[in-house]
Amino acid sequence: MGIVITDDANQVLLSEKTPFDFKKYRNQAIVEQTQEMRHPFGAANFHEFCFDGIAIAACTADVYENIHILSDFQEPKVMMLFMERGDITTSLDGFSNNFKFRSLEHNLMYSPCESESAGVKKQRDMLFFGLSFLPEKFLQLAENNGRVLDGLANNIAGNRTTTLTDKFNPRITPRMQLIMEEVRQCRFQGGLKKLFLQSKALELLALQCEQIESAELRSVPVRPKVSASDVEKLHYAKDLLVQHLQQPLSLGDLARKSGLNEFKLKSGFKAVFDNTVFGYLNDCRLELARELIREGRLPLSAIALEAGYSSPQHFSNAFRKKFGISPSKVYQ
């Protein structure tokens, strides 16, 4: 596997041959690697898990100037990219159009060709998450598991380019974000770690396909238009929500502090985060409560207050509605 990085003037910033060990993809035990890169044009950290035909990578990066990346690989893979924060344009041989990813967008891509390129603008605090499957592993998982997976599998089996959707990049949902964070915080070891990571990889794949199937059934677009500047303001509004879980801001205060009017706040929040403002707030409260219950340090009454619920009964009802189980059962 080789990689060449150039600047806007096509000057080579980095060129190196990186031998890629595809054996680690087929290893039954987990092969875990962490890599840190520091160069004048940027810095990045990669944490990768490979096992049994699956690779999972969590990455952060700072890019100090516009760069263009060309890489080749020895064996094609089914690739899933989740751009949690940042802006990148990718191109795969075999596809006529580029894939332009913005914050909170994802897609799945496969090309039987052996090279890809990416354009990355100058930016800080990029955060992205990648999953890839060897084609034979993906075909094994996809068999008889729904219309979307069947369509993808038919193209992959025929060695044809395919993608989850070529019209747009779907939005990353709060549940997808939670799964990616669970992978980053995984504390299991050995065989249990492999089992946990495999389950999360399959859950992300299932959520991708379910999102497309549901959108087609509803006949509504997955990604309404939201400007890049408004996306930044919506992220700030989301951060403000999380910071005030116990005493949430009103819609008016949240709109004013984030620089949006209430209409843009409500419609944009739904478009970007696939949830209403207060639906997202409620989800965050309940996820916090679930984590506190699992830690087992506080009584349920204190957890309810910590999550912003004044009434234990209200907390219990909301928890049961979201998770299908009462908090007392989890506490046990």
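Which entry in [x] 358; [y] 137; [z] 158 matches volume of the Cα convex hull per residue in Å³ derived from the coordinates of this structure? Given [x] 358; [y] 137; [z] 158, the structure-derived one carries the label [z].
Over all directions, the projected convex hull of the C-alpha atoms in segment 229-331 averages 6.4 nm² in area.
Rounded to the nearest whole Hz, the Karplus-based 3J(HN,Hα) values (6.51 cos²θ - 1.76 cosθ + 1.60, θ = phi - 60°) of segment 148-158 follow the sequence 5, 5, 4, x, 4, 5, 4, 5, 5, 4, x, with x at glycine and proline.
A simple spin-label model places the labels of S310 and A44 5.0 nm from each other, with each point 7 Å out along Cα-to-Cβ. Computed per residue of the chain from DSSP H runs no shorter than four, each worth -39500 (n - 2.57), the mean residue ellipticity at 222 nm is -13000 deg cm²/dmol.
Lysine pairs in segment 189-302 whose alpha-carbon atoms fall under 25 angstrom of each other, counting only those eight or more residues apart or on distinct chains, come to 18. In the elastic network of the chain, a GNM with C-alpha springs shorter than 10 Å, the most mobile of S301, S111, S132 is S301. Which angle from 0 to 90°, rounded to the nearest 10, does the C-alpha axis of helix 312-323 make with the longest principal axis of the chain? Between the helix axis and the principal axis of the chain, the angle is about 30 degrees. Take the Cβ atoms of L13 and F263, set R0 to 41 Å, and the FRET efficiency comes out at 0.40. Spin-label pair K321-L207: with each label point 7 Å from Cα along the Cα-Cβ axis, the two points sit 2.2 nm from one another. Considering only R187, R160, R26, the Gaussian network model of the chain with Cα springs below 10 Å gives its largest mean-square fluctuation to R187.
Extension gain, L195 to E36, is 54.6 nm, computed as 0.36 nm per intervening residue step minus the present C-alpha separation.
Straight-line reach from K122: taking Cα to Cα under 14 Å and skipping same-chain neighbours fewer than 8 places apart, the aspartates and glutamates in range are D7, D8, D62, E65, D87.
In the chain, the longest principal axis of the Cα atoms and the axis of helix 190-218 are about 80 degrees apart.
Ranked by the mean number of other Cβ atoms within 10 Å per residue, highest first, peptides 170-179, 6-15 order as 170-179, 6-15.
Since every read-out is calculated from the coordinates, none of them should be taken as a lab result. Everything quoted here is computed from the prediction, not taken from an experiment. Because the Cβ atoms are built from the backbone with ideal geometry, glycine has one as well, and the counts that use them run over all protein chains shown.
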